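A quick write-up on the structure given underneath.
The values are calculated or read from the model by the stated rules, or taken from the named source; none is laboratory data. Keep in mind that this is a model prediction, so the values were computed, not measured. Glycine also receives a Cβ, built like all others from the backbone with ideal geometry; neighbour counts cover every protein chain displayed. Just so you know, the surface numbers come from the protein's heavy atoms only, side chains and all, with ligands and any DNA or RNA stripped out. Shrake-Rupley method; radii C 1.70, N 1.55, O 1.52, S 1.80 Å.
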Amino acid sequence: MNDNYKVGLVVPVYQTKFIKKIIELLDKTINRDDCIVCLVNDGQEEVKQEFGKIKFPKNFIFINLSEGKCFAGANNAGWDYLNKNFLNIEYLGTINDDTIPKSHWLDYLIEALESYPQTALAMPIMETNEGFLKTRRD
């Protein structure tokens, strides 16, 4: 594995139905060799079994927690793992397993952070058809 990862992403996973889709979408939309994606199983046996069946793309890893720690705990476990194992990471992020990322989304976030060095957080806009965050017509 590459020791020079600049970006570490964590994907907390709770159910099997989104795993293959999020892996496919992240592999397709992250156009960087300096990003490592860590999928974290929050102690679910069915997710652990599903992880065992998947051929992960380059720069994708997974960890299985022995017990449920909820979203924040799974996220923190992933960040902790990345920080301990990939010492050159400069940016940490989290993406939900049901997200539909668009092309170059991560490049835009990194560009925003690097353009404004005192910025501590960058996040994409959520698109939805419902509620007060409604950003799409259909």
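Tally up the residues in region 1-43 that are in contact with a strand residue (DSSP E or B) (Cβ under 8 Å, 6 or more places away or on another chain) and either in a helix (DSSP H, G or I) or surrounded by 13 or more Cβ atoms within 10 Å (Cβ to Cβ) (or both), please.
The total comes to 27.
Could you tell me which residue of region 114-129 is farthest from Leu26 (Cα to Cα), considering only residues that are surrounded by 11 or more Cβ atoms within 10 Å (Cβ to Cβ) and under 17 Å from the mean Cα position of the chain (by Cα)?
Restricting to residues being surrounded by 11 or more Cβ atoms within 10 Å (Cβ to Cβ) and under 17 Å from the mean Cα position of the chain (by Cα), the top hit is Ala122.
If the requirement is being open to solvent by 80 Å² or more (accessible area, probe 1.4 Å) and either in contact with a Gly (Cβ under 7 Å, 6 or more places away or on another chain) or polar (S, T, N, Q) (or both), which of these qualifies: Asn76, Asn83?
Asn76
Which residue pairs have Cβ atoms under 8 Å apart, sit 6 or more places apart or on different chains, and have a first residue in region 97-116 that is of a type in the set (Phe, Trp, Tyr) and a second that is not in a loop (DSSP other than H, G, I, E, B)?
The qualifying pairs are Trp105/Thr29.
Does region 50-69 hold any residues that are in a helix (DSSP H, G or I) and either surrounded by 12 or more Cβ atoms within 10 Å (Cβ to Cβ) or of a type in the set (A, V, I, L, M) (or both), and which are they?
Our first condition is that a residue be in a helix (DSSP H, G or I); within region 50-69, this holds for 50-53.
Result: Glu50, Phe51.
Looking only at region 85-121, count every residue that is farther than 14 Å from Leu9 by Cα and either touching a helix residue (DSSP H, G or I) at 6+ places or on another chain (Cβ under 8 Å) or part of a helix (DSSP H, G or I) (or both) and tell me the total.
Qualifying residue count for the region: 12.
Could you tell me whether any residue of region 93-103 is of a type in the set (A, V, I, L, M), under 30 Å from Gln118 (Cα atoms) and open to solvent by 30 Å² or more (accessible area, probe 1.4 Å)?
Yes - at least one qualifying residue is present in region 93-103.
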